[in-house]
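Read the structure below first, then the notes.
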Amino acid sequence: MTTPSLPLLRAPHRLLFFIGAANLLLAMLWWALWLGALRGLWTPTAPVLPAAWLHALLMQYLVLPSFIFGFLLTVFPRWMGQPDLPRQRYLPVGAGLFGGQALLIAAACGWAPGLWPGLLLALAGWSAGLIVLGSVLKAAGANRNWHARACYAALLLGWAGLLLFIAIARGHATLLPLHVALGTFGLLLPIYLTVAHRMIPFFANNVVPGYVPWRPLHWLAAMWVLMLARVVLAALSLHDGLWLVDAPLLLLSLQALWHWWPRGPMPGLLAALFLALAWLPISLALYLVQDIGSVASDQLLLGRAPLHALSIGLFGSLLVAMVTRVTQGHSGRPLVMPVVAWFAFVALQAAAIMRVIAELGSDPYAWHFAAALGWLLALAPWVARLGWIYLSPRRDGKPG
């Protein structure tokens, strides 16, 4: 007779989403406190590395990847007709990501001994995830699932970006722009777009009568080529050429949104996914304006507004919509957008707008602080509900 496992350990998405949700609040709480200190509200202990470096590392390489690994460890076997992964395969991934982030947040709060163990634990968690997902791909053999292969390629680039940060922490600060570019255009945006290309037409086709799915592989390949070209341009500091990449990225994003968007009524959960996707062309348009301005005046006219439109607007909004859908479906609940999820989603739009406006005002850090508080207020109730669900059995009594 086998002993039933804790609900949190019964599926990869339960454990990794729980870790990601906890890490999200902890990372944003630290960042809000740091921004408040810059406003003179209190005096913090200085982090062991510049706070902006640690913020980029935590959000790009630990918080969002926790959710990504949870999703991919769940769907990779299903995409390729293989059995679900046993918990001993994904527990090391969760342990590495959670332990690594906990130590890195401690380092961000001034505890210097946490930095290197935190980085090594994070790298170990990433490596464990790559080994498990790589074994699933290898077992699939001739089953060429291009979405899975593309996601795995992006994870490899993310792993390289994490290694870069280790070099940065050892004094090679000139690698920081490449580290950020790899996180944004090598890891996160490629995975988000690859998953959207596979899943969103499928979701819409299931609930919208007469919907025609659109997901040509040549579109996804073109987006990948352009995103990788952007990483290369950043690595070579060829900023004057970025518009040659961002202009076609913008056009292709508008093409996809036009084809994907349903032409009739849709349920709230699906509407949230499409509203989140609208941030993609908005973000790329801001990048293009930034590119043209830098060519004309050699200045970053919009600062980090394009990056945060992408990270908060697109990545954050899609995170709420997609995690809510996966959580509802995999916990035996109806596929609806609960009130607490709508609150998180709408409040996140306000936080994204505030963060973009911050770059245009005379007191940017006041807006930065307000946007960070907005993150916390938006996501805390949603995270609390997620945690309760992951710690509870499925409502329908099914495994998982």
Working only within segment 117-143, note down all residues that are open to solvent by 30 Å² or more (accessible area, probe 1.4 Å), more than 12 Å from PHE98 (Cα to Cα) and either of a type in the set (Gly, Ala, Ser) or not in a helix (DSSP H, G or I) (or both). SER127, SER135, ALA139, GLY141, ALA142, ASN143
In the set ALA351, ALA371, the lone residue that is in contact with a Gly (Cβ under 6 Å, 6 or more places away or on another chain), among the aliphatic types (A, V, I, L, M) and in contact (Cβ under 8 Å) with a residue 24 or more places away in the chain is ALA351
Taking the condition of being in contact with a helix residue (DSSP H, G or I) (Cβ under 9 Å, 6 or more places away or on another chain), in a loop (DSSP other than H, G, I, E, B) and open to solvent by 50 Å² or more (accessible area, probe 1.4 Å), how many residues in segment 144-164 meet it? 0
Kindly list the number of the only condition in (1) modelled with pLDDT of 90 or more; (2) surrounded by fewer than 21 Cβ atoms within 10 Å (Cβ to Cβ); (3) touching a Leu at 6+ places or on another chain (Cβ under 9 Å) that fails for LEU302. (1)
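For every residue, the table says whether it meets (1) closer than 22 Å to LEU193 by Cα; (2) within 18 Å of the chain's Cα centre (by Cα).
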| site | (1), (2) |
| --- | --- |
| ILE292 | no, no |
| LEU319 | yes, yes |
| ARG325 | yes, yes |
| PRO334 | no, no |
| ALA347 | no, yes |
| GLU359 | no, no |
Suppose we filter segment 281-311 for residues that are more than 19 Å from ALA350 (Cα to Cα) and among the charged types (D, E, K, R); how many remain? 2
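Listed here are the residues, each with its yes/no results for (1) over 24 Å from LEU62 (Cα atoms); (2) of a type outside the set (Gly, Ala, Ser).
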{"site": "ALA278", "(1), (2)": "yes, no"}
{"site": "GLN290", "(1), (2)": "yes, yes"}
{"site": "VAL295", "(1), (2)": "yes, yes"}
{"site": "THR324", "(1), (2)": "no, yes"}
{"site": "ALA347", "(1), (2)": "no, no"}
{"site": "LEU360", "(1), (2)": "yes, yes"}
{"site": "PRO364", "(1), (2)": "yes, yes"}
{"site": "ALA371", "(1), (2)": "no, no"}
ALA358, sole failed condition from (1) open to solvent by 30 Å² or more (accessible area, probe 1.4 Å); (2) in contact with a Lys or Arg (Cβ under 9 Å, 6 or more places away or on another chain): (1)
Only one of (1) over 26 Å from LEU49 (Cα atoms); (2) in a loop (DSSP other than H, G, I, E, B) does not apply to LEU251, and that is (2)
Considering only residues that are among the polar types (S, T, N, Q) and outside any helix (DSSP H, G or I), which ones fall in segment 273-321? GLN299
Does VAL245 satisfy being among the β-branched types (Val, Ile, Thr) and either over 23 Å from VAL320 (Cα atoms) or under 18 Å from the mean Cα position of the chain (by Cα) (or both)? yes
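For segment 1-91, please list each of the helices (runs of 4 or more DSSP H) lying entirely inside it that holds at least 1 residues being more than 30 Å from HIS147 (Cα to Cα) and either in contact with a helix residue (DSSP H, G or I) (Cβ under 6 Å, 6 or more places away or on another chain) or open to solvent by 10 Å² or more (accessible area, probe 1.4 Å) (or both).
On the way: elements: 12-38, 51-58, 64-79.
Qualifying helices (runs of 4 or more DSSP H): 12-38, 51-58.
Would you check which residues across segment 97-116 are part of a helix (DSSP H, G or I) and either under 12 Å from LEU15 (Cβ atoms) or over 21 Å from the mean Cα position of the chain (by Cα) (or both) and list them?
Across segment 97-116, the qualifying residues are LEU97, PHE98, ALA106, ALA107, ALA112, PRO113, GLY114, LEU115, TRP116.
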State yes or no: is VAL323 more than 17 Å from ARG395 (Cβ to Cβ), in contact with a helix residue (DSSP H, G or I) (Cβ under 8 Å, 6 or more places away or on another chain) and loosely packed, with under 15 Cβ neighbours inside 10 Å? no
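Which residues, taken from segment 322-349, are among the polar types (S, T, N, Q) and part of a helix (DSSP H, G or I)? Give the steps one after another, and end with the answer.
First pass over segment 322-349, keeping only residues among the polar types (S, T, N, Q): 324, 327-328, 331, 349.
Answer for segment 322-349, where residues must be among the polar types (S, T, N, Q) and part of a helix (DSSP H, G or I): THR324, THR327, GLN328, GLN349.
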Can you spot a residue in segment 176-188 that is open to solvent by 30 Å² or more (accessible area, probe 1.4 Å) and of a type in the set (Ser, Thr, Tyr)? no
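This table checks each residue for (1) part of a loop (DSSP other than H, G, I, E, B); (2) under 30 Å from VAL339 (Cβ atoms).
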site	(1), (2)
TYR192	no, yes
GLY210	yes, yes
ASP240	no, no
VAL245	no, no
HIS259	no, no
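The values are calculated or read from the model by the stated rules, or taken from the named source; none is laboratory data. Here the structure is a predicted model, which means the values were calculated and not measured. For neighbour counting, all protein chains shown are included, and Cβ atoms are generated from backbone atoms with ideal geometry for every residue, glycine included. Remember, those area values only see protein heavy atoms, side chains included, never the ligands or the DNA or RNA. Shrake-Rupley method; radii C 1.70, N 1.55, O 1.52, S 1.80 Å.
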